[in-house]
Amino acid sequence: MVSSRHMLCGAAAVVGLLGHAHNVVAGKHETRCCSMKPPATSGKWNTLSGQWPQLVGHRGEKAFLPEHTVASYWQAALEKADYIEPDLTLTKDGHLVVNHNEWLGENTNVASIPELAHLRTSKTWNDGGGNVTVANEWFVVDMTLEQIRKLRVHQDHKYPWRPAHFDGVFGLPTFEEYLQTVRNVTQLLGRPYGVIPELKSPQLYNRGRSYPRYFEDRALLVLEHYGWATVNNVNRSAHADLVLQTPLPVDGALGPRAVQCFDLDTAEYLAQHSDVPVVALVQSLPWVFTPGGLDRVASYAAILSPWKDFFVAGAEPYFRASNITWDAAEIQNLGGFIQPTRLVAEAHKRNLALSPYTFYDSHQDRAYLCQTGGAKGFCPRSRQEELYYFFELGTDYLFVENIVEATLLRSQFNDSLHSSKLTYPLSWCAHGP
Ligand SMILES: *[C@@H]1O[C@H](CO)[C@@H](O)[C@H](O)[C@H]1NC(C)=O
Ligand SMILES: *[C@@H]1O[C@H](CO)[C@@H](O)[C@H](O)[C@H]1NC(C)=O
Ligand SMILES: *[C@@H]1O[C@H](CO)[C@@H](O)[C@H](O)[C@H]1NC(C)=O
Ligand SMILES: *[C@@H]1O[C@H](CO)[C@@H](O)[C@H](O)[C@H]1NC(C)=O
Ligand SMILES: *[C@@H]1O[C@H](CO)[C@@H](O)[C@H](O)[C@H]1NC(C)=O
């Protein structure tokens, strides 16, 4: 998987990994970054497929429109995302509704609706990474679909630079409305789009249901109904109440599909009960970032989706900074932590694709440890440096915001692979030895 473009510069592995020898900067031909080979004139992407990486519109296009609204999905489609991401939650009366949080106060007007005031409460649940407690909020799982329909979505006020013209206009879509929207844009824009739902907190949504995998099965059955899955060995009789619309026809093929979860027990279940490629999301499990851990995940998942700093700072600095402890003997037995620049090659060896998250819009802090001095080494100082680093590594999918900008950078990088006239910025060489 590692092409000849990956020439290491002695100890400066990260810099070397990224370096191309020649760079045209303002008409001046420079040689930089150790003794690198010139770029190949017919370079290839280092992804598993050899094709360029797939860009996933994170929560639709949240840089410009309130996330997880039909408008946000349309915007992602217009920007030609390869996949459009929804997050799945479940109402009290069993409807799959799209929202990122299990709670509603940050992105909706729930607090201003008097008839929902009595539903304000606190909850603790295990989200797959550990116990979380959220206090004094309104939760999707306590509401009926009819109550959810009263809500209007707005931009998260933590990000004041995001356009707010559409605050208060759109409601939360159901999973069905998301899937029908993707079918509609496929038909109307004449281009297939991938679906990639994330199941949020299965342990919360399965509590008190008629049997243990109620949430997973319900999500798979809806995906199947809209043409994106074949489901096997699930309790269909438990979902006799599920009344689904008839999907509108699409001329030509639907786009690809995948299903994501942080709860790896659910991820494994989804792989066993459907033909849908599974994305194992990981941010808090040290054992995953070892050779033995990758073997285990690759036994059921098609894609590993770690927080992006596992490729920059690496596992050990990241877990230390996050106060996540690990059993040193267990990590040793699994082969030790994999170095950040080796993670792609080690995963690809196991036929496991990679999908780091999240590449934020350019206004937002990129949120690497190195930005605060929390880890040494390469530190992306712009969105271009960041994306080019991941393009060079060969990560297969990227969760992105401001999709059109990411798309332009991908095309520019692609041109640089095929041309000796590089547009490839080597400013990160300044971080070299
Ligand atoms: C999470 O909460 C459950 C139930 O309250 C408890 O039994 C468990 O020990 C907690 N787990 C962690 C890691 O704190
Ligand atoms: C999909 O398109 C049909 C036909 O134009 C329309 O009736 C329907 O409301 C659309 N669905 C969504 C979820 O946008
Ligand atoms: C399937 O679901 C039904 C209805 O909720 C339940 O009664 C039954 O026990 C379930 N079967 C299994 C095998 O879980
Ligand atoms: C980790 O623990 C230290 C010391 O208790 C604390 O200052 C820091 O905020 C914690 N970091 C995180 C990410 O929780
Ligand atoms: C990347 O660039 C090459 C050479 O210009 C071109 O043939 C190819 O179609 C481009 N890749 C994509 C996916 O467009």
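The values are calculated or read from the model by the stated rules, or taken from the named source; none is laboratory data. All figures in this text were calculated on a predicted structure; none of them were measured in a lab. Reconstructed Cβ throughout: ideal geometry from the backbone, glycine too, with neighbour counts over all protein chains shown. Surface areas here come from the heavy atoms of the whole protein model, side chains and all, with no ligands, DNA or RNA. Shrake-Rupley method; radii C 1.70, N 1.55, O 1.52, S 1.80 Å.
For the reader, a short list of remarks on this structure follows.
- You will find that of D142, D127, the residue that is touching a Leu at 6+ places or on another chain (Cβ under 6 Å) and not small (G, A, S) is D142 and no other.
- Residue in the range 271-279 that is crowded, with 23+ Cβ neighbours inside 10 Å and in contact (Cβ under 8 Å) with a residue 60 or more places away in the chain present: yes
- When the range 111-150 is filtered for residues that are under 14 Å from H100 (Cβ atoms) and not in a strand (DSSP E or B), the ones remaining, listed by number, are D127, V140.
Each row is one residue, and each column tells you yes or no for (1) acidic (D, E); (2) at positive phi; (3) open to solvent by 20 Å² or more (accessible area, probe 1.4 Å).
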site	(1), (2), (3)
R59	no, yes, yes
K92	no, no, yes
L96	no, no, no
N109	no, no, yes
L119	no, no, yes
T133	no, no, yes
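- Cβ-Cβ under 7 Å pairs, at least 6 apart or on other chains, the range 182-197 side within 23 Å of E216 (Cα to Cα), far side β-branched (V, I, T) and in a helix (DSSP H, G or I): Y193/V182; Y193/V185; Y193/T186; V195/V182
- Of the residues screened, R191 is one that is within 16 Å of ligand 5 (Cβ to nearest atom), closer than 22 Å to G252 by Cα and open to solvent by 10 Å² or more (accessible area, probe 1.4 Å).
- Contact map, the range 340-367: first residue modelled with pLDDT under 95, second residue part of a loop (DSSP other than H, G, I, E, B), Cβ cut-off under 6 Å, separation 6 or more or different chains; pairs are D361/A63; D361/E401; D361/N402; H363/W161.
- Scan of the range 41-57 for residues that are surrounded by fewer than 19 Cβ atoms within 10 Å (Cβ to Cβ) and either among the basic types (K, R) or not in a loop (DSSP other than H, G, I, E, B) (or both), ordered by number: K44
- Among residues of the range 286-312 that are of a type in the set (D, E), those with a beta-carbon under 8 Å from a residue that is open to solvent by less than 10 Å² (accessible area, probe 1.4 Å) at least six positions away or on a different chain give the pairs D309/Y368.
- Test: residue in the range 31-40 that is assigned to a strand (DSSP E or B), open to solvent by 30 Å² or more (accessible area, probe 1.4 Å) and modelled with pLDDT of 50 or more: no
- Among all positions in the range 211-227, there is no residue which is without any contact (Cβ under 8 Å) to a residue 12 or more places away in the chain, farther than 26 Å from Y397 by Cα and either within 16 Å of ligand 1 (Cβ to nearest atom) or of a type in the set (G, A, S) (or both).
- Meets criteria (of a type in the set (S, T, N, Q) and assigned to a helix (DSSP H, G or I)) for Q384: yes
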